[in-house]
Each structure stands twice: as C-alpha cells, then as structure tokens.
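Report on the structure given below.
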Amino acid sequence: MSNSDARLIETHWWTLPVSDDWEIDSEEGTVIIADRDGVGSLELSVIELDGAPEGVLELGELAAEFVPSGVAGDNVVCGDWPGLLYKYSAGDYCRDWVLQCDDKVLIISYTCAAEHQGMDDAAVDQMLAELGRAPGR
C-alpha cells in the first residue's frame, strides 16, 4: 500500500496506515476497521500491563483467554510489534494477533464468514506490516 493510498490512524500507542477500501470506527477503546465490501473486519485494542510481558510465553497465556484451546500461535512481527498470530475457525474464520510493545499488549482480531476465508488476508497482512509505535513511544 503506498502512503498516498492510505489514511493514518494514530492512537496513544500505535499507528496504522489504512487504505480507502476500509472504513474506520471506534467503540469503547476499540478501533474497528471494516472492509467496505462487507467481507471482514479488524478490531484493535490495547491492554496496559503492570510491567512488560515476559516474552512469548506470557503472551500465549494472555491469548488463552480468548483463543480456543489447542490452537497454536505462530511467532510474527507486525511492523514495530512482535508477538503471536492464531488462526482458527469458530463458526467464522478468525485470525488473532497478540502483540507486545514495552508494557502494552495490542490485541488484533480479524473475523469474516467461513466462506470468505483468505479473501482479505493479503490486504490485512500488508496493513499490519506497517503497524508502528505512536510517535514518542
């Protein structure tokens, strides 16, 4: 995605360029980015911890609160945010990222109907590759 095609979302903790193919909304501390075609949506929320997580193991324990048991996470880096990615079907197709930056954990959930599995994956991956820390963080 070229920067001229994107709007930059900036929160207190992260930045993300989003193309015009996606609508942006927010609700109670969660940023919602929905595909204009109605295929899927991303939800992004930050959890502030009392200290930096102790690596991937602690991120996996946090993910266990919302990812179905038995689903293994893969190590990923989304821009400036390393962490874990979980892929699974729970009626819908889901991809959940649990990413860490200092004492902040960014939870990103992508969901779409099972029959649309994979349709937005490349666009979502491209957006998340440019996920940054907020200026001054």
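The values are calculated or read from the model by the stated rules, or taken from the named source; none is laboratory data. Nothing here was measured: the structure is a model prediction, and the numbers come from that model. Virtual Cβ from ideal backbone geometry, glycine too; neighbours counted across all protein chains shown. The protein model used for the area step is the full one, side chains on, heavy atoms only, and it has no ligands, DNA or RNA in it. Shrake-Rupley method; radii C 1.70, N 1.55, O 1.52, S 1.80 Å.
Determine whether ASP96 is open to solvent by 40 Å² or more (accessible area, probe 1.4 Å), under 15 Å from LEU59 (Cβ atoms) and in contact (Cβ under 8 Å) with a residue 24 or more places away in the chain.
No: the conditions fail for ASP96.
What pairs come out if I take residues in the range 22-40 that are hydrophobic (A, V, I, L, M, F, W, C) and pair them with residues that are open to solvent by less than 90 Å² (accessible area, probe 1.4 Å) and part of a loop (DSSP other than H, G, I, E, B) whose C-beta lies under 8 Å away, six or more apart or interchain?
The qualifying pairs are VAL31/THR11; VAL39/ASP120.
Failed condition for ALA122, given (1) out of contact with any Pro (no Cβ under 9 Å at 6 or more places or on another chain); (2) in contact (Cβ under 8 Å) with a residue 60 or more places away in the chain, with all others met?
If we test ALA122 against (1) out of contact with any Pro (no Cβ under 9 Å at 6 or more places or on another chain); (2) in contact (Cβ under 8 Å) with a residue 60 or more places away in the chain, just (2) comes out false.
Right, GLU65: exposed (fewer than 13 other Cβ atoms within 10 Å of the Cβ), closer than 21 Å to GLY136 by Cα and not hydroxyl-bearing (Ser, Thr, Tyr) or not?
Against the criterion (exposed (fewer than 13 other Cβ atoms within 10 Å of the Cβ), closer than 21 Å to GLY136 by Cα and not hydroxyl-bearing (Ser, Thr, Tyr)), GLU65 does not qualify.
I want to confirm something. Restricting to the range 72-85 and keeping residues that are farther than 21 Å from ALA134 by Cα and more than 11 Å from the chain's Cα centre (by Cα), which single residue is most open to solvent (accessible area, probe 1.4 Å)?
ASN75
State which residue is modelled with the lowest pLDDT when the search covers only the range 44-71 and only residues that are of a type in the set (Gly, Ala, Ser) and within 14 Å of the chain's Cα centre (by Cα).
ALA63
Report the residue count in the range 120-136 for those that are over 9 Å from CYS78 (Cβ atoms) and outside any helix (DSSP H, G or I).
Selection size over the range 120-136: 6.
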